[in-house]
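Visitor: I have a structure I would like to understand better, so I am pasting it below and will then ask my questions one at a time.
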Amino acid sequence: MQLISPTEYVTRATRAMETATTRIYLLSMVIADHEKTHTLITALENAAKRGVEVIVAADVFTFGEVSGGFLPVRYYSPGARDTNRMVKVLKRSGVKFSWLGRGRITVFNGRTHSKWCIVDNTIFSFGGVNMYEQGITNVDYMFMLKDTLLADRLCDEQKRLQLAERRSTNYPSVTYEHGDMRVLIDGGIIGQSVIYRRACELAEQAEHITFVSQYCPTGKLARILKKRPTTLFFNLPHQAEGLNRIVITVSQFISRLKTTYNKDTYLHAKCIIFTMEDGHKVAISGSHNFAYTGVLLGTREIAIETADPAIITQLESFIKDSVI
């Protein structure tokens, strides 16, 4: 597994799509045809025209982000119209495109926050990058690996997710072992998150914790972190805009936790490194922000849990080079 920057993610995924022979499965909370993502969107279109199976799904939250807001309510802004044009072009080329989250009770409930891109047997996942201009410029990362079995499972997971969406249902969160790592997937049931629960379990055992997220931790995890030696990196309110700023302000006020992140660029990466009493380290990395709000709202998420020193070293290097 190789940790790559958002720009590298777009570049490498685009190259892989240009030579894809069997399948491309792309899932992201936000997908838009912007300057930094245009070559990838074109590669999706061209692959479908060649006869490659191309399945793309994005959350309707996209409309808020491309319209200069946080809520997916501005469907008729210039950014929204551009996005609808993108979808029409992709569909005409043969791409199977689906919007997720239209039938939710509120604009916050049941968001699909998972991110991955499968090109043949190459996987890009376990990070936080959204496929649009702002998502590529944030402080963030994805992991890249080649693994046929895991690629098959994630493609099946996307089919399962889209089927649940058509039925307006969610499904229980799941954890499964894959080699020397553990894959954790939240299926969107309100109040149920195997990722958040596992983060709490590991935090209770850890001697030291390094926490990275766009948001201040909340809920049980925040209470545990207050009792453990912890280095926290999350955005200050002034580094965010709109509702994000309010969320960070309120969560920081409630938890009384302080961040050491002071860079100007918005932090969007999500990982926790737990150092245990015997010195060995365990990490969780993925799309989950480790805020209890997401658990209550039933967001769909993906993460890995790993004790692989090679992966953890890459996370530590990312934190040292891009976060501190």
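We did not get these values from a lab; they are worked out from the coordinates using the rules stated. In this text, all values refer to a predicted model and were calculated from it rather than measured experimentally. We place every Cβ from the backbone using ideal geometry, glycine too, and count neighbours over all the protein chains shown.
Visitor: Calculate the length of the line joining the C-alpha centroid of the stretch 97-171 to that of the stretch 39-61, in whole Å.
Guide: The distance from the Cα centre of the stretch 97-171 to that of the stretch 39-61 comes to 14 Å.
Visitor: Here's a follow-up. Each label point is 7 Å from the Cα along the Cα-to-Cβ direction; what then is the distance between the points at Arg245 and Glu35, in nm?
Guide: Reported label-point gap for Arg245 and Glu35 is 2.4 nm.
Visitor: Given contacts defined as C-alpha pairs under 8 Å and at least six residues apart, what's the relative contact order of the chain, whole-number percent?
Guide: 19 percent
Visitor: Please state, rounded to one decimal and in Å, the Kirkwood hydrodynamic radius that the stretch 185-324 gives when every pair of distinct Cα atoms enters the mean of 1/r.
Guide: This gives a value of 15.0 Å.
Visitor: While we're here: Find how much the distance from Asn84 to Thr313 grows on full extension, using 0.36 nm per residue of separation minus their present alpha carbon separation; answer in nm with one decimal.
Guide: 78.3 nm
Visitor: From the P(r) of the chain, could you give the percentage of C-alpha pairs in the tail past 27 Å?
Guide: Within the chain, distances greater than 27 Å cover 39 percent of Cα pairs.
Visitor: Another question, then. Dimensions of the stretch 130-261 along principal axes (Cα, Å, largest first)?
Guide: 41, 37, 31
Visitor: How long is the gain from Phe253 to Ser322 if the chain were fully straight, where each residue apart is worth 0.36 nm and the alpha carbon distance is subtracted?
Guide: 22.2 nm
Visitor: Return the FRET efficiency for the residue pair Leu296, Tyr176: r is the Cβ-Cβ distance, R0 is 25 Å, and the value is rounded to the nearest 0.05.
Guide: Between Leu296 and Tyr176 the formula returns 0.50.
Visitor: Turning to a different aspect of this structure: Suppose every K and R has +1 on its Cβ and every D and E has -1 on its Cβ; what is the size of the dipole of the stretch 97-225 about the Cα centre, in Debye to the nearest 20?
Guide: 620 debye
Visitor: Follow-up question, since we're still on this one. Let me see the pair-distance distribution of the stretch 217-263: every alpha carbon pair, 5 Å bin width, integer percents in order.
Guide: 5, 23, 31, 24, 13, 5, 1
Visitor: Less than 13 Å Cβ to Cβ from Gln239, Lys/Arg counted +1 and Asp/Glu -1: what total charge do the surrounding residues give?
Guide: Local net charge: 0.
Visitor: List the residues, sorted by chain then number, that are 5 or more residues from Thr112 or on another chain and whose placed amide H is less than 5 Å from its amide H.
Guide: When sequence neighbours closer than 5 places are left aside, the close amide H contacts are Arg300.
Visitor: Further question: Give me the dipole magnitude in Debye, nearest 20, for the chain about the Cα centre, with unit charges on the beta carbon: positive for Lys and Arg, negative for Asp and Glu.
Guide: It comes to approximately 1060 debye.
Visitor: Applying a 10 Å radius around every beta-carbon, put 223-229, 247-253, 284-290 in order of their mean neighbour count, most first.
Guide: Descending mean neighbour count gives 284-290, 247-253, 223-229.
Visitor: Compute the distance in nm between two label points, each set 7 Å from the Cα along the Cα-to-Cβ direction, one at Thr137 and one at Lys226.
Guide: Label at Thr137, label at Lys226, 3.7 nm between them.
Visitor: Restricting to the chain, what percent of DSSP beta bridges are antiparallel, rounded to 5?
Guide: If we restrict to bridges inside the chain, about 70 percent are antiparallel.
Visitor: How many percent of DSSP beta bridges within the stretch 156-301 run antiparallel, rounded to 5?
Guide: 75 percent
Visitor: Among Phe274, Ser317, Leu243, pick out the residue whose Cα is farthest towards the positive end of the charge dipole of the stretch 239-324, where Lys and Arg carry +1 and Asp and Glu carry -1 on C-beta, about the Cα centre.
Guide: Leu243
Visitor: Based on the Cβ-Cβ distance of Thr265 and Arg153, what FRET efficiency does E = 1/(1 + (r/R0)^6) give at R0 = 25 Å, to the nearest 0.05?
Guide: After rounding, the FRET efficiency stands at 0.15.
Visitor: Run the dipole for the stretch 1-157 about the Cα centre, Lys and Arg Cβ at +1, Asp and Glu Cβ at -1, nothing else charged, and hand back the magnitude in debye, nearest 20.
Guide: Magnitude of the dipole: close to 500 debye.
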